[in-house]
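Taken together, the values in this text are just the output of simple stated rules run on the coordinates, not laboratory data. The shown structure was predicted, so the numbers you read here are calculated from the model rather than taken from an experiment. Methodologically, a virtual Cβ is constructed for each residue, glycine included, from the backbone with ideal geometry; neighbour enumeration extends over all protein chains shown.
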Amino acid sequence: WEDDRAVSGRRKAKQLKQKRKLKAGSFETLGLSVAVLKGIRRKGYQLPTPIQRKAIPLMMQGQDLVAMARTGSGKTAAFVIPILERLGGHSTRAGARALILSPTRELALQTHKVVGELARFTDLRRAALVGGDSMEAQFAELAANPDIIIATPGRLMHHLQEVTGMTLRTVQVCVFDEADRLFELGFAEQLKSILQRLGEGRQTLLLSATMPQGLAEFARAGMKDAAFVRLDAES
Ligand code: ADP
Ligand code: MG
């Protein structure tokens, strides 16, 4: 009976641990895969931020989404985590399935790094298409058939015009990160052109700290029944 008691004690401890993990608002309650949860843990995130708690479930339902929240609120993981869930693993089919647009080279490379960290326990492939790096090196990256492309609009357009056969029709999720800055920096024309090249059924996400008029119009034109998530400074 000693053994039985030990087993039951261990089971109780395990159940308690499980219960703690499932406490309201933890990453474990968001229905994520083991591989992605491991990546989140390895990155050192204990609990989702408010914007992540709101945006991840909506994105996982396939919703188009406009998320407005201040800088530093955790918007990167809010869109990267659902992208990883949606894509699952590497696909040998030609063409990327997720596209993340960033206003600057620095931000794109930072996002590329975060994608790598969170996707560490998946076999998803990523590529950064940013200005300042050689086109040849990026051709080689594209040849490896990345699942996720992180790009600045100018360099992406350059690739679309130069690489025969590069298409965005395969993109299922498109993210406009720091959308207010994308517009401030004068990328509006490129963004419209990119939008036109995307597949019909894709999911579109727009993240921003502010919502100027031009941006709101762009969102209306490029998205379908977008949910609007707004978190103010104190959230
Ligand atoms: P935003 O894009 O909203 O400005 P970021 O996505 O760059 O914010 O995140 C800001 C900082 O918060 C980063 O250092 C990021 O690693 C960290 N962070 C994001 N989510 C979490 C989390 N759930 N737990 C702890 N830190 C987080
Ligand atoms: Mg950001």
>> How far apart, in nanometres, would the label points at Gln46 and Leu109 be if each is projected 7 angstrom from Cα along the Cα-to-Cβ direction?
In response: 3.2
>> Between Arg197 and Thr29, how high is the FRET efficiency from 1/(1 + (r/R0)^6) when r is the Cβ-Cβ distance and R₀ = 41 Å? Nearest 0.05.
In response: 0.65
>> Counting only pairs 8 or more residues apart or on different chains, how many lysine pairs in the chain have their Cα atoms under 19 Å apart?
In response: 18
> Using only the Cα atoms of segment 1-115, what do you get for the radius of gyration and for Dmax, in Å?
Replying inline: 18.1, 65
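What value in Å³ per residue do you get for the convex hull of the alpha-carbon atoms in the chain? Display every interim value, and only then the final one.
Numbers: hull volume 32.7 nm³, N = 235.
Per residue, the Cα convex hull of the chain comes to 139 Å³.
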>> Nearest 10 degrees is fine. How inclined is helix 188-197 to the longest principal axis of the chain, computing both from alpha carbons?
In response: 70
>> On the principal axes of its Cα set, how long, how wide and how thick is segment 80-145? Give whole Å, largest value first.
In response: 31, 23, 17
>> What value in Å³ per residue do you get for the convex hull of the alpha-carbon atoms in segment 155-235?
In response: 101
> Going by average Cβ neighbours within 10 Å, how do the peptides 112-118, 37-43, 140-146 rank, with the highest at the top?
Replying inline: 112-118, 37-43, 140-146
> Hey, if you drop one equal point scatterer on each alpha-carbon of segment 97-198 and run the Debye formula without solvent, what base-10 log of I(q)/I(0) do you get at q = 0.20, 0.23, 0.24 Å⁻¹?
Replying inline: -1.03, -1.39, -1.51
>> If you average the C-alpha positions of segment 31-65 and of segment 200-218 separately, how far apart do those two centres end up, in angstrom?
In response: 21
